[in-house]
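Before any comments, here is the structure.
The values are calculated or read from the model by the stated rules, or taken from the named source; none is laboratory data. A quick note: this is a predicted structure, and the numbers were derived from the prediction, not measured. Here Cβ is always computed from backbone atoms with ideal geometry, including for glycine, and neighbour counts include all displayed protein chains. Just the protein is used for accessible areas: all its heavy atoms, side chains included, with ligands, DNA and RNA removed. Shrake-Rupley method; radii C 1.70, N 1.55, O 1.52, S 1.80 Å.
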Amino acid sequence: MGRHDAAFTPICFTVWYEHVGGINPRLSQAIAHQLTVEKRFSDETVERLHREHIAEIDGQTAERISDQFQRVMKNMGDAAHATGETAERFGDELGSFGGALVAQDPAALASLLAAIQAGTERMKASALALKAEVVRGQREIESLRADLERARVDATLCPLSRVLNRKGFDQRLDAMLAAAPSSGRTHGLIMVDIDHFKQVNDRHGHLMGDRVIQALGEVLRASVTQPEAACARYGGEEFAVLLPNTTAGECLQLAESLRARTKAMKVRNRTTNEVLLTVTVSAGVACSRSGEDPSALVARADAALYRSKQDGRDRVTAG
């Protein structure tokens with residue numbers, strides 16, 4: 001951050017944290033490109049990088065974190081300034097003592113020695129205070145970083161289904177394809193669509209449609225347990241599952257499991273426990289090819305999903 005002109009703000013901190021941490025390949029690519037035309041990033045550049053490649057956090061959270069960050073930086077700056085002033089005074093005292101030594105003035109030496117002893121204690125206390133402020137500042141900055149991370153995660157979640165939203169999906173898809181799979185393995189994408197979802201809304205109302213979306217989100221979260229995998233609401237009633245470093249067989253097996261578990265799911269009246277409806281899903285599976293960009297992989301998985309719909313729904317098709 002110190003190599004650039006942009007101010008030390010939470011936005012600036014987040015941009016460099018995600019870049020240096022290697023957790024946002026698309027951001028890192030944008031930074032590498034920008035460095036070819038701008039050696040020292042301005043506030044405007046950092047804000048643009050954040051806006052285009054990092055999920056926006058709500059304004060109230062951003063303002064709170066910014067205020068806290070500025071306070072931490074001010075406290076550390078004040079402590080450093082106080083230590084500098086103490087050191088300058090101590091330096092003057094040492095200079096006077098040196099002059100008395102040259103002049104061989106015993107009376108002045110005795111007086112100055114006492115001042116130097118007091119100055120040494122002041123320097124020690126000031127250095128300890130600065131160290132404590134730096135340690136406290138480091139802890140607060142780490143806490144702010146965690147707050148930013150939580151806010152960023154919340155910004156990439158669909159509040160209804162509690163899986164990733166479209167922005168979160170795009171970021172994870174880019175990251176997945178940026179990493180080469182192990183030998184003999186690939187990256188997989190499953191696109192899932194709720195069958196006849198419009199009829200659910202038309203017959204039972206949009207609140208019931210929301211319950212179906214929530215229920216499918218629960219099925220996805222319960223079924224997709226691989227640490228590196230991710231599920232997302234791609235849009236409307238369409239969902240997606242990202243499976244890094246997998247095989248075509250594993251992708252098809254998981255897609256079939258999702259289809260079966262969704263079909264077995266029953267949406268009930270919360271008062272009477274009466275079954276109100278069941279739903280089915282159609283799925284399309286595609287595995288990454290060498291050099292393929294994200295849009296091409298999504299297009300192949302979507303085409304496979306479309307064939308599942310054409311062939312009668314409630315089925316899985318490989319693309």
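Output the residues belonging to region 22-32 that are at pLDDT 90 or above and open to solvent by 60 Å² or more (accessible area, probe 1.4 Å).
If the condition is that a residue be at pLDDT 90 or above and open to solvent by 60 Å² or more (accessible area, probe 1.4 Å), then no residue fits.
Name the one entry in ASP302, ASP314 that is touching a residue at least 40 places away in the same chain (Cβ under 8 Å), acidic (Asp, Glu) and over 15 Å from GLY188 (Cα atoms).
Values: ASP302 fails: over 15 Å from GLY188 (Cα atoms).
Going through ASP302, ASP314 in turn, just one is touching a residue at least 40 places away in the same chain (Cβ under 8 Å), acidic (Asp, Glu) and over 15 Å from GLY188 (Cα atoms): ASP314.
Limited to region 22-34, what total is found for residues that are assigned to a loop (DSSP other than H, G, I, E, B) and small (Gly, Ala, Ser)?
First, pick out the residues of region 22-34 that are assigned to a loop (DSSP other than H, G, I, E, B): 22-24.
Filter once more, so that each one left must be small (Gly, Ala, Ser): 22.
Going through region 22-34 one residue at a time, the tally reaches 1.
May I ask you to verify whether SER66 is at negative phi, modelled with pLDDT of 85 or more and surrounded by 12 or more Cβ atoms within 10 Å (Cβ to Cβ)?
No.
So, GLU274, is that one at pLDDT 95 or above, charged (D, E, K, R) and surrounded by fewer than 17 Cβ atoms within 10 Å (Cβ to Cβ) or not? Step through it out loud before you land on a result.
Details: at pLDDT 95 or above: no; charged (D, E, K, R): yes; surrounded by fewer than 17 Cβ atoms within 10 Å (Cβ to Cβ): yes.
For GLU274, the condition - at pLDDT 95 or above, charged (D, E, K, R) and surrounded by fewer than 17 Cβ atoms within 10 Å (Cβ to Cβ) - is not met.
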Inset, instruction - Go through region 35-58 and count every residue that is in a helix (DSSP H, G or I) and open to solvent by 30 Å² or more (accessible area, probe 1.4 Å). - result: 7
Inset, instruction - Mind listing just one residue for me: the one in region 166-184 that is farther than 18 Å from ALA30 by Cα and among the hydrophobic types (A, V, I, L, M, F, W, C) and, of those, surrounded by the most Cβ atoms within 10 Å (Cβ to Cβ)? - result: PHE169
Legend entry - Enumeration of residues in region 77-88 that are within 13 Å of ARG136 (Cβ to Cβ) and open to solvent by 40 Å² or more (accessible area, probe 1.4 Å): ASP78
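Before we move on, is MET123 modelled with pLDDT of 75 or more and either assigned to a helix (DSSP H, G or I) or surrounded by fewer than 19 Cβ atoms within 10 Å (Cβ to Cβ) (or both)? Can you show your working first?
Numbers: modelled with pLDDT of 75 or more: yes; either assigned to a helix (DSSP H, G or I) or surrounded by fewer than 19 Cβ atoms within 10 Å (Cβ to Cβ) (or both): yes.
Considered against the rule, which asks whether it is modelled with pLDDT of 75 or more and either assigned to a helix (DSSP H, G or I) or surrounded by fewer than 19 Cβ atoms within 10 Å (Cβ to Cβ) (or both), MET123 comes out as yes.
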Inset, instruction - Test each condition in (1) more than 30 Å from ALA232 (Cβ to Cβ); (2) at pLDDT 75 or above; (3) exposed (fewer than 15 other Cβ atoms within 10 Å of the Cβ) for GLY91 and report the one that comes out false. - result: (2)
Legend entry - Every residue from region 1-21 that is in a helix (DSSP H, G or I) and open to solvent by 40 Å² or more (accessible area, probe 1.4 Å): ILE11, PHE13, TYR17, HIS19, VAL20
Legend entry - VAL285 being open to solvent by less than 20 Å² (accessible area, probe 1.4 Å), hydrophobic (A, V, I, L, M, F, W, C) and touching a helix residue (DSSP H, G or I) at 6+ places or on another chain (Cβ under 7 Å): yes
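Listed here are the residues, each with its yes/no results for (1) of a type outside the set (S, T, N, Q); (2) closer than 19 Å to THR186 by Cα.
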site: GLN214; (1), (2): no, no
site: ARG221; (1), (2): yes, no
site: GLN226; (1), (2): no, yes
site: ALA229; (1), (2): yes, yes
site: LEU252; (1), (2): yes, yes
site: LEU258; (1), (2): yes, no
site: ASN269; (1), (2): no, no
site: ALA286; (1), (2): yes, yes
Inset, instruction - Taking only region 291-319 into account, find how many residues are at pLDDT 95 or above and outside any helix (DSSP H, G or I). - result: 8
Inset, instruction - Output the qualifying pairs, or none if there are none: Cβ atoms under 7 angstrom, residues six or more apart or on different chains, first residue in region 250-269 and at pLDDT 95 or above, second residue among the basic types (Lys, Arg) and open to solvent by less than 50 Å² (accessible area, probe 1.4 Å). - result: none
